Amino acid sequence: MRDGDVAPRMRIRSSRDLTGSVEKIVEKGVIVQADDLSKIKDSDREAIAELAQRAGVNLKDCYQCGKCSAGCPMGEFMDLLPRQVIRDLQLGFLEDVLNAKTPWICAGCNVCSCRCPQEIDVATLMQEVRRTSKATGHQPYPEADKFDDIFIGNVRKFGTSHEVGLAMKFNMSSGHLFQDVGNSTKMLKHGMLKKGRNIEHIDEVQKLMDRALKESEEK
Amino acid sequence: MTKYAYFPGCSAHSTGISQTISVDYIAPRLDIELTEIPDWSCCGTSAVKLTNMDMALALPARSLAISERELPGQDVFAPCAGCFQSLKTSAEFSKESDENLAKIKRMIDMPYEASVDVVNVLDVLNTDEAKEALKANMKYRLQGIKVACYYGCALVRPEKICDPDSVENPQVMENLVKIIGGDPIDWPFKVECCGASNHITIPEAGKKLSKNIIENAVDNGADIIVTACPLCWMNLDMREDEINKKFGTNFDIPVYYITELLGAALGGNATEIGLDRHFRPAEGLLTKLVDKDAPLPETEEEKKARLRKEAAAKKAAEKKAAKAAEVAEGADADADGAADAAPATADKKDEVKA
């Protein structure tokens, strides 16, 4: 999603018919554009079906009650509510979902999955969207993506996560240069900034990570 | 003596240091023996899970396989809630089917039978043995301290993996706090999310979530917040000043690990249980301890009974005094003469009627 797209996109969402039967943009009470569901590509529908299968979710189970979104602690910061992500997937709007920031903002708290009356694992679905979004080269929320990459790089290098190195590297690469610098004095005083531990058999971890990547590719 | 294979996790010697220190202090005092899993590696946590699910299942399995080989028959204890969630998710996946186990073994390339169970801090503290040892060995008790027990996410959700006593209103921590004399409050935000790593990637959102939790604890009368997760602890304790600055609030509430609280009851000093490593002043806890055998404070029922008793005693005393006055008056009348005595008594009778 480009920055310039934010405003019209929000307008689409806020004016969406809650039953989801028609996608439309309403300006001053007049419908100026309605999405044509007949234009949705079969390949997108198939990709969505595979995505849902990987997440172990039947998208048809969702009847849009919104309980997931009511309880979502990150809801107010999202561009699509969890309920709307599912609705888009039901309708076939693959690109909208892969470009949404929502799965990248999701804190993974699992409240949605836990409260869904249809027992849909919404959190796992959200994670699957995020993994698919990353695997297909989308990057709707670069900060979150960078954090994950640096973390995984850390584990590959040391076998453990060096928290301090992680925070510093993230700040450098994300441009948040002074984030948490204020806390570091106390951390130093409290012995929290000691150099992390490196494991002995780092080769085991590296090979394991490579085999896991291969396992995923073969699927 | 209960033996556990110990998985400290990457935060153990950095931001989670107070939990590590307090776990080390209380374990032997609660008849718990911890042996660190040799050459354990990172659990992968959310970063790996959000990138590659196969890797997220394989990374913890390596440490579990080493534990199975080196410390057979022992449950794996992960004090970090995030590690617990990752390790247990992987263990449960392998136990689910032979196919799953085969897949994990392909990736870790080690012998592994998926025989280990994974437990968190609350599981370890909530056994009958640990609770009996706590009661027997505690030296001090909290008195009149209102405690907000904060669970966050990874100790209770996903429900299938974490298997809590209740997913919306767990009571395990409350029961431990009651044993050491604390007064747990009832509050609705105990299983809300602290913001997790969003404090780094989208700080505005993270701060709002932590603020909501602190605010709700304070509004419900808490003196302290108690947690069992290093990430929750950091997002509350370390960020309280930032939250005050951002939202113009004036929160001043210490945040402890449940293990620190038990450590204090077991007689540990500030250094021994990690209180000197907090971001906000935390050592005040020790000044609020009373001797374990000190008289218990009055309960609500006892207070009511006492007030009733006092009221009855006061009434009885008044009655007695009135009677004494009457007798004295009677004696005066006798002295004045028998003739006056009769009308005086009649007057009194009239008064009673009126």
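For segment B:92-162, which fully contained helices (runs of 4 or more DSSP H) count at least 1 residues that are under 27 Å from residue B:211 (Cβ atoms), touching a Lys or Arg at 6+ places or on another chain (Cβ under 6 Å) and small (Gly, Ala, Ser)? Write out each step before concluding.
Numbers: elements: B:98-108, B:121-125, B:128-137, B:159-162.
Passing ranges: none, list empty.
Quick check on my filter: what residues within segment B:144-169 are at negative phi and within 14 Å of the chain's Cα centre (by Cα)?
Of all residues in segment B:144-169, those at negative phi come to B:145-151, B:153-162, B:164-169.
B:145, B:146, B:147, B:148, B:149, B:150, B:151, B:155, B:169, listed by residue number.
For segment A:169-197, what are the residues that are surrounded by fewer than 17 Cβ atoms within 10 Å (Cβ to Cβ) and more than 10 Å from chain B (Cβ to nearest Cβ)?
Correct list: A:172, A:173, A:175, A:177, A:178, A:181, A:184, A:185, A:188.
Every residue in segment A:113-123 that is buried (at least 20 other Cβ atoms within 10 Å of the Cβ) and within 10 Å of chain B (Cβ to nearest Cβ), please.
A:113, A:114, A:123
What are the residues in segment B:1-57 that are β-branched (Val, Ile, Thr), more than 9 Å from chain A (Cβ to nearest Cβ) and part of a loop (DSSP other than H, G, I, E, B), if any?
Residues of segment B:1-57 that are β-branched (Val, Ile, Thr), as a first pass: B:2, B:15, B:17, B:20-21, B:23, B:26, B:32, B:35, B:37, B:45, B:48, B:51.
Add one more test, that the residue is more than 9 Å from chain A (Cβ to nearest Cβ), and what stays is B:2, B:20-21, B:23, B:26, B:32, B:35, B:37.
Within segment B:1-57, B:37 is the sole residue that qualifies.
If I filter segment A:128-162 down to residues being of a type outside the set (A, V, I, L, M, F, W, C) and at the interface with chain B (Cβ under 7 Å from one of its Cβ atoms), which single residue comes out as nearest to residue B:198 (Cα to Cα)?
Of segment A:128-162, the ones of a type outside the set (A, V, I, L, M, F, W, C) are A:128, A:130-134, A:136-143, A:145-146, A:148-149, A:153-154, A:156-157, A:159-162.
From what's left, at the interface with chain B (Cβ under 7 Å from one of its Cβ atoms): A:130-131, A:134, A:143, A:148, A:159-161.
Values: A:130: 15, A:131: 17, A:134: 18, A:143: 10, A:148: 12, A:159: 23, A:160: 21, A:161: 17 Å.
Of everything passing the filter in segment A:128-162, A:143 is nearest to residue B:198 (Cα to Cα).
Please specify each residue of segment A:70-110 satisfying the condition of being touching a residue at least 12 places away in the same chain (Cβ under 8 Å) and touching a Ser or Thr at 6+ places or on another chain (Cβ under 7 Å).
Selection gives A:78, A:79, A:80, A:81, A:82, A:83, A:85, A:98, A:103, A:108.
Would you be able to tell me the number of residues in segment B:163-183 that are of a type outside the set (Asp, Glu) and not in a loop (DSSP other than H, G, I, E, B)? Can you show your working first?
Taking segment B:163-183 and keeping what is of a type outside the set (Asp, Glu), we get B:164, B:166-167, B:169-173, B:175-182.
Keeping just the survivors that are not in a loop (DSSP other than H, G, I, E, B) gives B:172-173, B:175-179.
So the count comes out to 7.
Looking at B:299, B:201, can you tell me which residue is under 23 Å from residue B:10 (Cα atoms) and of a type in the set (Val, Ile, Thr)? Don't jump to the end; show me each part of the working.
Working: B:299 fails: under 23 Å from residue B:10 (Cα atoms).
Only one candidate passes the filter, namely B:201.
Quick one: in segment A:205-219, which of the residues that are at the interface with chain B (Cβ under 8 Å from one of its Cβ atoms) and touching a residue at least 12 places away in the same chain (Cβ under 8 Å) is surrounded by the most Cβ atoms within 10 Å (Cβ to Cβ)?
So the residue we want is A:205.
Within the group A:68, A:114, A:109, which residue is assigned to a loop (DSSP other than H, G, I, E, B) and not hydroxyl-bearing (Ser, Thr, Tyr)?
Values: A:68 fails: assigned to a loop (DSSP other than H, G, I, E, B); A:114 fails: assigned to a loop (DSSP other than H, G, I, E, B).
Only one candidate qualifies: A:109.
All of the numbers you see were taken from the coordinates with simple rules; none came from a lab. Please read all numbers here as calculations on a predicted model, not as lab measurements. Cβ atoms come from the backbone with ideal geometry, glycine included; neighbour counts cover every protein chain shown.
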